[in-house]
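The values are calculated or read from the model by the stated rules, or taken from the named source; none is laboratory data. Model, not experiment: these values are computed from the prediction. Using ideal geometry, Cβ is built from the backbone for each residue, glycine included, and neighbour counts are taken over all protein chains shown.
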Amino acid sequence: MWNKIKSQLEEYPERLKVARVLIENGLSAKDDKIYLNQIEVPPVRIARVAKVDRRTVNETLNTIKRNSELKLIFEEIRPAGHSLREIAKHLNLGVLEITPTDAKAPGILCKAATALNKDNLSIRQAIVDDPELSPEPKLTLIVERKIPGELITELLKIPGVAKVSIY
């Protein structure tokens, strides 16, 4: 997906910055406006985050509107939802973060879930970074209670896992 966006906007690096902010935050663009679900977001707010002029945001919206490929992506994108990662500690939940050697390798989520299941840990939330959008994609699993440290050794045996962190 990012490669499609990049190919359409690579001549305009400032517009590409705006597109990245929209994608990373799951913001949609419809009828020259930006939305977080049904909440309209003023272009000036996007401009501040992207470190561009407000007019650049408006030009990006016009480009999206005129380009059928971009329009399909940006009209339908939505935020992935809330993440419990930052508040897990306060809720007595466990957080497992896995950094893969290759984020496109199959089976990492399945095998990590199986390992957690063997320890009778229920997954409350799974968050997977898109390898096209994130420079260092990770798999984050939020589980119902603290994760025992000895599970790290088993998780590191999963093919394609480079690093495991428990919080």
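The set of residues in the range 139-163 being surrounded by 16 or more Cβ atoms within 10 Å (Cβ to Cβ) and either of a type outside the set (A, V, I, L, M) or part of a loop (DSSP other than H, G, I, E, B) (or both) consists of 140, 147, 154, 158. The set of residues in the range 54-99 being farther than 30 Å from residue 150 by Cα, hydrophobic (A, V, I, L, M, F, W, C) and out of contact with any Leu (no Cβ under 6 Å at 6 or more places or on another chain) consists of 57, 61, 70, 72, 73, 74, 77, 80. Where helices (runs of 4 or more DSSP H) fall wholly inside the range 1-52, the ranges with 2 or more residues that are in the same structural domain as residue 66 (by TED's automatic domain parsing) and at pLDDT 95 or above are 13-24, 43-50.
For residue 128, the criteria (1) in contact with a Pro (Cβ under 7 Å, 6 or more places away or on another chain); (2) at pLDDT below 95 hold in every case but one, which is (1). On the stretch given as the range 124-138, residues that are among the polar types (S, T, N, Q) and crowded, with 16+ Cβ neighbours inside 10 Å total 1. Of all the listed residues (71, 163), the sole one being within 25 Å of residue 34 (Cβ to Cβ) and modelled with pLDDT of 95 or more is 71. Looking across the range 51-107, the residues that are surrounded by 14 or more Cβ atoms within 10 Å (Cβ to Cβ), more than 17 Å from the chain's Cα centre (by Cα) and hydrophobic (A, V, I, L, M, F, W, C) come down to 52, 57, 61, 64, 70, 88, 93.
Residues checked against (1) of a type in the set (A, V, I, L, M, F, W, C); (2) in contact with a strand residue (DSSP E or B) (Cβ under 7 Å, 6 or more places away or on another chain):
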residue: 8; (1), (2): no, no
residue: 14; (1), (2): no, no
residue: 28; (1), (2): no, yes
residue: 42; (1), (2): no, no
residue: 47; (1), (2): yes, no
residue: 66; (1), (2): no, no
